Amino acid sequence: MMPKRILGALLFVLCVASDFCLADQDVWLLVDTKNLSMEVKKGDKTVAVLNNIAIGRSGAGKKHHRGDDITPLGNFRIGWVNRSSSFRTFYGLTYPDIEHADNALKQGKIDTDTYDSIARAHMFGQVPPQDTDLGGQIGIHGLGSASLSIHKSMNWTHGCIALTNDQIDQLSQWVEKGTLVTVK
């Protein structure tokens, strides 16, 4: 297993040469899971605020395992975009990240092969495995045909960050594959 500081330096260097650097490096998203809002940032400046977002049914925090309905906290990138999603548009996040994998390995929740697969994906600017015990398919999406009234009344996702269809359409003008997403 590679020490985190060395892995972090490699990730930075490889990001410069990978698809994850195609996105405007000044544009990033700040998701506030307590206030249920998302800020679109350009550097330190807020260019838009999307309010009344929804998160996982079990809130936000450390994901324990697949299916726990928790929205993971951390820094991710948009790893893929599905504009044909049943949720209108789906921006997949590069979860699990190295920090989540490191903690899971120490707790015996994943083995070294799984850890290495996650680390390798991040090292080469790829989407990490989405089928580990840590879960996957975490992203930002619209409602599609889901109920707007339920969206407005409760956190309803299985760990994703949900916006209204109008909000996800608005978001598309700023984000793309590689955009940084900070979930706090």
Residue in the stretch 12-28 that is under 17 Å from GLN137 (Cβ atoms), modelled with pLDDT under 95 and surrounded by 20 or more Cβ atoms within 10 Å (Cβ to Cβ) present: no
The one condition LEU93 fails out of (1) surrounded by fewer than 21 Cβ atoms within 10 Å (Cβ to Cβ); (2) closer than 15 Å to ASN75 by Cα is (1)
Residues being outside any helix (DSSP H, G or I) and surrounded by fewer than 21 Cβ atoms within 10 Å (Cβ to Cβ): count how many of those fall in the stretch 98-111. 4
Which members of the stretch 98-134 meet the condition of being within 13 Å of LYS63 (Cα to Cα) and basic (Lys, Arg)? LYS109
Checking ASP32 against (1) at pLDDT 95 or above; (2) surrounded by 20 or more Cβ atoms within 10 Å (Cβ to Cβ); (3) within 16 Å of the chain's Cα centre (by Cα), the condition it does not meet: (2)
Does LEU93 satisfy the condition of being in contact with a helix residue (DSSP H, G or I) (Cβ under 6 Å, 6 or more places away or on another chain) and either β-branched (Val, Ile, Thr) or modelled with pLDDT of 95 or more (or both)? no
Quick check, is GLY43 modelled with pLDDT of 95 or more and on the phi > 0 side of the Ramachandran plot? yes
Using the structure shown, decide if ASP116 is in contact with a Lys or Arg (Cβ under 8 Å, 6 or more places away or on another chain), more than 16 Å from VAL181 (Cβ to Cβ), modelled with pLDDT of 95 or more and not in a loop (DSSP other than H, G, I, E, B). no
Could you list, ordered by first residue, the pairs with Cβ atoms under 6 Å in which the first is in the stretch 92-120 and within 13 Å of GLY135 (Cα to Cα) and the second is assigned to a helix (DSSP H, G or I) and among the hydroxyl-bearing types (Ser, Thr, Tyr), at least 6 apart or interchain? ALA101/TYR115
Taking the stretch 121-173 and keeping only residues that are within 16 Å of SER84 (Cα to Cα), assigned to a helix (DSSP H, G or I) and either within 14 Å of the chain's Cα centre (by Cα) or without any contact (Cβ under 8 Å) to a residue 60 or more places away in the chain (or both), one is left with ASP166
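The values are calculated or read from the model by the stated rules, or taken from the named source; none is laboratory data. Bear in mind the structure is a predicted one, so any value in this text is a computation, not a measurement. Glycine gets a Cβ as well: all are built from the backbone with ideal geometry, and neighbour counts include every protein chain shown.
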